[in-house]
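The values are calculated or read from the model by the stated rules, or taken from the named source; none is laboratory data. Everything numeric here is computed off the predicted structure, so don't read it as measured data. Heads up, the Cβs are rebuilt from the backbone with ideal geometry, glycines too, and the neighbour counts pull from every protein chain shown. The area values use the complete protein model at the heavy-atom level, side chains included, leaving out ligands, DNA and RNA. Shrake-Rupley method; radii C 1.70, N 1.55, O 1.52, S 1.80 Å.
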Amino acid sequence: MTVTSLHNDKISHPTFQSRLGASKLTLKHGKVCIIENLDVSLPEGKVTAIVGPNGCGKSTLLNGLSRVHAPSSGVVLLDGKDIHCLPSKEVARRLALLPQDTLAPDGITIEELIRFGRHPHQSLLKQWAMDDQQAIDYALDAADLQGLKDRLLDTLSGGQRQRAWIAMSIAQETPLLLLDEPTSALDLGHQIEVFELIRNLSRQGKTLAMVVHDLPSACRYSDHIIAMKKGEIITQGSPKEVMTKELVRELYGVECDLIPDPMTGSPILINMKRVRS
Amino acid sequence: MNNQSLVISDSKQEIPTPQGYRLFSIGEHAHLLIEKQAVIRNTWLLIALFCACVVTLGSGTMPISPTEVIAVLFGHGDAMSQFIVQDLRLPRLLAGLFTGAAFSLAGCLMQTIARNRLATPGIIGIDNAAMAFAVSSIVGTGISLAPSAMALAGAATATALAFGLAGGSGTRGYRFIVAGIGIGAIAGAVTQLLLSQVSIDVANSAYPWTVGSLSAREPLMVNLLGAGLVICLVACLFFSTQFALMPFSDQVITGLGANIKHIRIIALTLCITLTGLAVAVAGPVGLVALVGPEIARVLAKYRGIPLVSSALTGALVMILADLFGRTVLSPIELPVGIVTAVVGGPYLIWILVRRSSRNSL
Ligand SMILES: Nc1ncnc2c1ncn2[C@@H]1O[C@H](COP(=O)(O)OP(=O)(O)OP(=O)(O)O)[C@@H](O)[C@H]1O
Ligand SMILES: [Mg+2]
């Protein structure tokens, strides 16, 4: 029996409020269908973790939800409206995306990079305002970058650069934030810091979705988990409901045991063994 | 009274600006952020350009001193120098300034949207196509359509073909460049073919024009170019914050609420207009489009997209190259296109072989 059928009921009836979602979404790279007829929505004011093996379409899904990747069919709804029919700048004031691969202009400093995050709030005649500076200062603090803000981006370590990009999406001050592997290059301390920041942002009422590969962190810092495989959502729900050893085997071909963290109760993986299925 | 001034100074202090920028507030609703470095840089470039203009206007078979040139420019000076400066030399100088600025600005725009420093209109065949169309209107077909219009049509055709064949610009623009090089080669061959079909006299008179020269310019086309240049510069300033996003990946640009397709269309339209109009004046002097923006980028320390500076450096390179071509072998005159090719060719090779170049190539 597959996990899909085990959890089928949870897929078809999400019971939460949502500002961002998609229905019958099909996303293609060229002629190859990556995601087909997918229904998904992000619970409002919560942290959603998207997990799944490499190449299963997590980034493609985030790009689709953030209107960066136009759907071949189906529709992405932001606050009930087709996201591709809303003015792009208007969308950018509500929804920010931190992509997995980033590429920045030459010769800019961290602060300048973060300043680009204010682009959706600026216009030809309003190129700078008080809230721009405040948002940038907040983002610098949040990503622990005050001491580095005048450094050139090219001269930073991978993790420092990743924090700068996180800060840029925070400076965008959007109620919805999609983060594609925000902690993949971070050391333990900064990982926890970024996860706590994500928690804090959700306590302020923001809706967040993040792609995470580390399952214990995904369980610990999210309210909702979406598990993907081959472009499909095989199960979703609260970490406690979803995270089972069957799921881990199904997703990654890894046998393991799950034990609850003695302090927090969230699951920890032990005894991991790769099994080819 | 005292109170009021306090309030004003307070509200001025309130908005801290990013380092290196100044905020110009006009009334309540207009707040413009100006980069100090850019203002300083462009002021120096303007001063250099002015000096170069004075020297250019003063040199020739009848040398005129700089003070006399300046006097003439401000409406004084004797009748003879006035005639030489204003009627003989100024038109050529203006043609040089306008074409240089136009080529260079077009180059900077094209490099920006193609995300590749090699992608200038000259390299991807726009110059050649504009020239082929213009030459065909003069010598080939006998249809007396204005060469400006034909050059514009040629530029637009080449761009559309290059984009069509490459299927968009791609992330690094290589496909676009390769397609463009092919189109440029075909257009160059067409020009040669057209010239080989006409009498030797017509072909001879068209020759300086096909290598790029400021000696054959038409006043009407210079004026058209001047007007086009002003409009395009204003448009560049208008869209500069969006052009500044182009070095980011498509995902980030879209995520920040800008429309990549619109930015591309706007930049390409400006590029085609500038290149087409400039080719109609001076022929293909495309290497200015490579050299001008590069100098501007060095001056800007590789920060941002120096559109205005590119226009200024392009104008400077063009009139200096023309001055050099006119004076170095005087009385023989080297076409400016040959001078820029002699200077720009090695420069191009240097860019290609320089291994320490940053990831922007
Ligand atoms: N630009 C592209 N062109 C063609 N195929 C692509 C492109 N980008 C991704 N794909 C394919 O789409 C599928 C999903 O890719 P995606 O980047 O969404 O995976 P992912 O789940 O984010 O993986 P990872 O964990 O490695 O980031 C993969 O099979 C990949 O090969
Ligand atoms: Mg990914």
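One table, with the values for the structure above:
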read-out	value
All positions within the range B:71-97 that are over 24 Å from B:Ser215 (Cβ atoms), open to solvent by less than 60 Å² (accessible area, probe 1.4 Å) and of a type in the set (A, V, I, L, M)	B:Ala71
Leading residue by the ranking (nearest to the other protein chains (Cβ to nearest Cβ)) among those in the range A:128-166 that are assigned to a loop (DSSP other than H, G, I, E, B) and either open to solvent by less than 40 Å² (accessible area, probe 1.4 Å) or at positive phi (or both)	A:Trp128
Out of A:Gly57, A:Gly45, A:Gly52, A:Gly64, sole residue that is more than 16 Å from ligand 1 (Cβ to nearest atom) and closer than 21 Å to A:Ala227 by Cα	A:Gly45
Members of the range B:236-268 found to be open to solvent by 10 Å² or more (accessible area, probe 1.4 Å) and within 14 Å of the chain's Cα centre (by Cα), listed by number	B:Leu268
Residue in the range B:288-305 that is among the hydroxyl-bearing types (Ser, Thr, Tyr) and part of a helix (DSSP H, G or I) present	no
Residues of the range A:81-122 classified as of a type outside the set (Lys, Arg), free of Cβ contacts under 8 Å to residues at least 24 places away in the same chain, open to solvent by 20 Å² or more (accessible area, probe 1.4 Å) and not in a helix (DSSP H, G or I), total	6
Condition broken by A:Gly237, with the remaining ones in (1) over 13 Å from the mean Cα position of the chain (by Cα); (2) on the phi < 0 side of the Ramachandran plot; (3) in contact (Cβ under 8 Å) with a residue 60 or more places away in the chain satisfied	(2)
Candidate set: the range A:52-80, residues that are among the hydroxyl-bearing types (Ser, Thr, Tyr) and open to solvent by 10 Å² or more (accessible area, probe 1.4 Å); chosen: the one farthest from ligand 2 (Cβ to nearest atom)	A:Ser73
Matching residues, the range A:224-234, being on the phi < 0 side of the Ramachandran plot and open to solvent by less than 50 Å² (accessible area, probe 1.4 Å)	A:His224, A:Ile225, A:Ile226, A:Ala227, A:Met228, A:Ile233, A:Ile234
Residue within the range B:36-48 that is touching a strand residue (DSSP E or B) at 6+ places or on another chain (Cβ under 8 Å) and at pLDDT 90 or above present	yes
The listed residue being at pLDDT below 95 and within 14 Å of chain B (Cβ to nearest Cβ), out of A:Gly30, A:Gly117	A:Gly30
Residue selected from the range A:194-211 under the condition touching a Leu at 6+ places or on another chain (Cβ under 9 Å) and either part of a loop (DSSP other than H, G, I, E, B) or without any contact (Cβ under 8 Å) to a residue 60 or more places away in the chain (or both), by the criterion most open to solvent (accessible area, probe 1.4 Å)	A:Lys206
Members of the range B:27-49 found to be in a helix (DSSP H, G or I) and either among the aliphatic types (A, V, I, L, M) or touching a helix residue (DSSP H, G or I) at 6+ places or on another chain (Cβ under 9 Å) (or both), listed by number	B:Ala38, B:Val39, B:Ile40, B:Arg41, B:Asn42, B:Trp44, B:Leu45, B:Leu46, B:Ile47, B:Ala48, B:Leu49
Scan of the range A:15-35 for residues that are open to solvent by 70 Å² or more (accessible area, probe 1.4 Å), within 15 Å of A:Val76 (Cβ to Cβ) and within 13 Å of ligand 1 (Cβ to nearest atom), ordered by number	A:Lys28
Residue, farthest from the other protein chains (Cβ to nearest Cβ), within the range B:39-58, restricted to residues that are open to solvent by less than 30 Å² (accessible area, probe 1.4 Å) and more than 18 Å from the chain's Cα centre (by Cα)	B:Gly58
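Residue-by-condition table, conditions (1) in a helix (DSSP H, G or I); (2) modelled with pLDDT of 85 or more:
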| residue | (1), (2) |
| --- | --- |
| B:Arg172 | no, no |
| B:Ile181 | yes, yes |
| B:Val190 | yes, yes |
| B:Asn204 | yes, no |
| B:Ser215 | no, no |
| B:Val230 | yes, yes |
| B:Leu233 | yes, yes |
| B:Ile266 | yes, yes |
